[in-house]
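The structure under discussion appears below in the form of structure tokens.
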Amino acid sequence: MRYVYEVYKAGSFSRAASRLYISQPALSAMVKKVEKKVGMPLFERSSSPVHLTECGKQYIKTAEKIMDLEEEFACYVGNINELKTGHLTVGGTYLFCAFILPPVIRQFQELFPYVKFSLFEGETPLLERKLFSGELDLLIDNYPMKESIYEKQYFMKERLLLAVPASFAGNQEARAWRLTAEDVINGVHTKPEIQGVDLKIFAEEPFVMLRLHNDTRERVEEICKRAGIQPSVVLKLNQLLTVYHMTELGMGTSFVSDTVVKCMPPNPRIMYYKIDDPAAERNVYFYYRKNRYFTRSMAEFMKLAVPPCSA
């Protein structure tokens with residue numbers, strides 16, 4: 001197409017060949033090949049300069065439309081690369097969407113205002129299905145996804161703590177292990193010299209827990225089994241924040257992540273305790289589908305969320 005167009009612009013096969021840095025016979029052969037494919041001649045070769053046939057005029061009009069579309073598409077790709085257009089959809093559970101992601105989203109939108117950003121919150125099974133289907137570009141979660149399907153990038157470490165209403169009697173016996181919200185916010189519970197509480201002290205207390213089939217509940221089951229206790233569960237809920245609020249109201253002892261404690265206003269009505277068990281620690285990752293194009297918008301969002309020094 002471009003060879004034919006160059007002959008049209010130059011009005012001569014020899015001048016077009018010179019501009020294209022090929023021989024005139026090679027150019028003539030290429031144009032004849034196009035004419036054979038079209039089924040009609042494109043040029044009147046008897047005149048100088050050469051003129052287009054009626055079919056040739058339509059061919060050039062079509063070629064110009066194609067080249068305009070190619071240029072428009074190249075411009076679009078350039079805009080995507082420069083993040084002057086495009087979209088990004090990130091998913092997470094309510095805790096991450098409400099408290100962890102907003103500062104990153106604000107930064108991203110300030111830097112790249114032309115990228116359409118969408119945030120989707122839901123429970124992990126639904127989020128994973130949307131990530132698999134391509135409805136989500138990125139997913140932040142503390143639940144381990146299949147490494148054969150998803151790539152991951154470390155975001156942060158979470159630790160499960162025992163949260164006990166301050167009014168519960170067990171706090172007196174466990175006072176040597178007691179931590180305040182300020183201690184958790186300052187990372188005191190992460191220090192190796194701080195010992196975990198003996199969970200048997202609270203074995204007879206009422207517990208508020210998440211329902212089955214989520215990472216936190218599975219870890220709590222392991223922790224309790226190894227500690228040799230069988231908690232009396234008075235409420236089963238779907239959200240970790242709801243569990244935390246029930247503990248605030250004195251409804252029962254619970255297992256919550258330090259992420260929750262750091263995100264909520266310090267509450268003196270709750271006492272916290274470190275748990276010495278491997279299941280009490282977990283990593284939070286950003287996940288994305290393997291073998292899927294990693295867009296510039298995804299890369300820039302990840303840079304903001306996970307600076308190189310913390311990766």
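The values are calculated or read from the model by the stated rules, or taken from the named source; none is laboratory data. If you're wondering where the values come from, they're calculated on a predicted model, not measured in any experiment. Reconstructed Cβ throughout: ideal geometry from the backbone, glycine too, with neighbour counts over all protein chains shown. Ligands, DNA and RNA are stripped out before the accessible areas are found, and what is left, the full protein with its side chains, is counted by its heavy atoms. Shrake-Rupley method; radii C 1.70, N 1.55, O 1.52, S 1.80 Å.
Rg over Rh for segment 127-171 works out to 1.25, using Cα positions for both radii and the Kirkwood form for Rh. Under a straight-distance cross-link criterion of Cα-Cα below 19 Å, which aspartates and glutamates are reachable from Lys303, leaving out those fewer than 8 residues away in the same chain? Lys303 reaches Glu82, Glu110, Asp137, Asp141, Glu151. For the pair Leu69 and Val38, the difference between a 0.36 nm per residue extended length and the Cα-Cα distance amounts to 9.0 nm. With helices as the sole contributors, the chain gives -12000 deg cm²/dmol at 222 nm; each DSSP H run of n ≥ 4 counts as -39500 (n - 2.57), and the sum is divided by every residue.
Summary: within the chain, the longest segment free of GluC sites (Glu not before Pro) located in DSSP loops with at most 16 other C-beta atoms within 10 Å is 205-311. For segment 13-109, the calculated P(r), taken from all Cα-Cα distances in 5 Å bins from zero up to the bin holding the longest distance, is 3, 10, 11, 14, 12, 8, 6, 6, 6, 4, 5, 6, 6, 3, 1, 0 percent.
Here the gap between Glu135 and Glu281, fully extended at 0.36 nm per residue and compared with their Cα-Cα distance, gives a gain of 49.6 nm.
Rounded to the nearest 20 debye, the dipole size of the chain about its Cα centre is 1420 debye, using +1 on the Cβ of Lys and Arg and -1 on the Cβ of Asp and Glu. With all protein chains kept in place, the per residue accessible area of segment 60-209 amounts to 55 square angstrom at a probe of 1.4 angstrom.
For the pairs Lys191/Lys290; Lys157/Lys236; Lys65/Lys130; Lys146/Lys191, note any where the Cα-Cα span goes beyond 28 Å. Working shown, then result.
Numbers: Lys191/Lys290 36 Å; Lys157/Lys236 25 Å; Lys65/Lys130 38 Å; Lys146/Lys191 31 Å.
Going by Cα-Cα distance, Lys191/Lys290; Lys65/Lys130; Lys146/Lys191 fall outside the 28 Å limit.
Taking a Cβ cut-off of under 9 Å around Gly92, the surrounding Lys, Arg, Asp and Glu residues balance to a net charge of -2, with basic ones at +1 and acidic ones at -1. A 32 angstrom limit on the alpha carbon distance is what I want to check against. Which of Lys152/Lys262; Lys84/Lys262; Lys152/Lys274; Lys36/Lys84 exceed it? Check vs 32 Å cut-off fails for Lys84/Lys262; Lys36/Lys84. Normalising the Debye intensity of the chain to I(0), with uniform scatterers on Cα atoms only, and taking log10 at q = 0.10, 0.11, 0.16 Å⁻¹ returns -0.68, -0.77, -1.19. Given segment 48-181, report the % of alpha carbon pairs whose separation exceeds 27 Å. The share of Cα pairs beyond 27 Å in segment 48-181 comes to 54 percent. Over all pairs of different C-alpha atoms in segment 177-311, the reciprocal of the mean inverse distance, the Kirkwood hydrodynamic radius, equals 16.9 Å.
Which net charge results when you count Lys and Arg as +1 and Asp and Glu as -1 among the other residues whose beta-carbon is under 12 Å from that of Lys9?
Value of the local net charge: +1.
Share of carbon and sulfur in the accessible area of the chain stands at 53%, probe radius 1.4 Å.
Subtracting the Cα-Cα distance of Ala166 and Arg292 from their residue separation scaled by 0.36 nm leaves 40.4 nm.
Go ahead and run the numbers for FRET between Asp215 and Glu110, Cβ-Cβ distance against an R0 of 51 Å, rounding to 0.05. Here the calculated transfer efficiency is 0.95.
Students often forget the sequence filter, so: which lysines lie under 20 Å Cα-Cα from Lys32 once same-chain residues fewer than 8 apart are removed? Leaving aside lysines fewer than 8 places away in the same chain, those within reach of Lys32 are Lys9, Lys57, Lys61.
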